[in-house]
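Structure first, then comments.
The values are calculated or read from the model by the stated rules, or taken from the named source; none is laboratory data. Since we're looking at a predicted model, the values are computed, not measured. Cβ coordinates were reconstructed from backbone atoms using ideal geometry, including for glycine residues, and neighbour counts include every protein chain displayed. Quick note on the areas: whole protein, heavy atoms, side chains included, nothing else; ligands and nucleic acids left out. Shrake-Rupley method; radii C 1.70, N 1.55, O 1.52, S 1.80 Å.
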Amino acid sequence: MKLVFAGTPEVAVPALDALIASDRHEVAAVVTRPDAPSGRGRRLVACPVAQRAEEAGIEVLKPARPRDEDFLARLREIGPDCCPVVAYGALLPRVALDVPAHGWVNLHFSLLPAWRGAAPVQHAVLAGDEVTGASTFQIEEGLDSGPVYGVLTEQVRAADTSGDLLTRLAFAGAGLLVATMDGIEDGTLKPEPQPAEGVSLAPKINVEDARVDWAAPALRVDRLVRACTPAPGAWTVFRGERLKLIQVTPLPDRRELSPGEIAAAKNSVHVGTGSHDVELLWVQPQGKKPMRAADWARGVRIAQGERLGAHA
């Protein structure tokens, strides 16, 4: 099939690479978000998918909105059979959905109908799911509600961050997306409607959502830190400044501190929660690089009774 691939961030690149490598399909063009300001100089930079497409000599379309007439005219001119999508980041209007004969097929990182929305992997980690996965489905105008072509499952490991899990799903899902294109082309794959039961939503997790509540149980604190790593980054407040939390570990046999209270030893930093204590392993003070929590604690000289989470 002739394909137009739509995607934006790094997590979409493995799928693009897999489609480029396929000997059954031609990636005629790539649709991605416009260049965005980046770095201290706020210079406009192309997204990872655009960069990869340009390296491969593939035409890149960057509409401000997918309903822009210039973009729609070019899409009709290319005449794709199908448009595979991975984390494109913009809503597709009906007028665009109707262009390819086989529609737009999204690779979504959950077992639909679970975790429909922008942050399925983060919510799977936050909820303590033991198994998640990826699904390919036909895009319609509802939120991730279209009929499903195929799924794969992936174990959620005890120490997984959302970044760890998303990386594995991106590579496994790339194979699923190619297999879906193959099945659509040869007519062996028909999408099945999603069940009405089991729907859950995964809205974007913002910075305020990522603030740690030390009165919550240790398990909740650990899940929040892992779910928000690498983005948006779990955080707390110490001496009026934000402290990013990169890695913690629950200490189920230790319950000595009140919520938010810090105890620093030579090589460890413990914090109280609503249940048992946790150990801080890696943190990032405001304006500094990530560091071991024990090194941070030695530098700030934590006093007895100090606590995390006080309002800035």
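Other residues lying with their Cβ under 10 Å from the Cβ of residue 108 contribute a combined charge of 0, Lys and Arg counting +1, Asp and Glu -1.
Peptides 222-230, 207-215 ordered by packing proxy, namely the average of other Cβ atoms within 10 Å per residue, highest first: 222-230, 207-215. For residue 61, nonlocal amide neighbours, meaning residues 5 or more places apart or on other chains whose placed amide H falls under 5 Å from its own, are 30, 31, 32.
Spacing of the modelled spin labels on residue 35 and residue 101, each 7 Å from Cα toward Cβ, amounts to 3.7 nm. Distance from the C-alpha centroid of segment 117-150 to that of segment 1-44: 20 Å, rounded to the whole angstrom. For segment 33-185, the share of accessible area belonging to carbon and sulfur comes to 50 percent (1.4 Å probe, ligands and nucleic acids excluded).
For segment 1-46, the set of trypsin sites (Lys or Arg not before Pro) satisfying both a DSSP loop assignment and a count of at most 12 other C-beta atoms within 10 Å is given as 24, 40, 42. If R0 is 35 Å, the Cβ-Cβ spacing of residue 73 and residue 185 corresponds to a FRET efficiency of close to 0.85.
Remark: the chain carries 48 Å² of accessible area per residue (probe radius 1.4 Å; ligands, DNA and RNA excluded). In this view, the solvent-accessible surface of residue 186, computed with a 1.4 Å probe and all protein chains in place, comes to about 80 Å².
Projecting the Cα positions of 299, 122, 37 onto the charge dipole of the chain (unit charges on Cβ atoms of Lys, Arg, Asp and Glu, taken about the Cα centre) puts 299 furthest along the positive direction.
Once the Kirkwood radius over Cα pairs is known for the chain, the Stokes-Einstein relation at 37 °C and 0.692 mPa s delivers a diffusion coefficient of 154 µm²/s. Where both partners of a DSSP beta bridge lie in segment 250-312, what percent of those bridges are antiparallel, to the nearest 5? So the antiparallel bridges in segment 250-312 amount to around 90 percent.
Going by amide H atoms built from the backbone, whose H comes under 5 Å of the H on residue 243, apart from near neighbours? HN-HN under 5 Å from residue 243: 236, 237, 238. Using a Förster radius of 41 Å, what is the FRET efficiency between residue 301 and residue 45 based on their Cβ-Cβ separation? Nearest 0.05, please. Efficiency computed from Cβ-Cβ geometry: 0.55.
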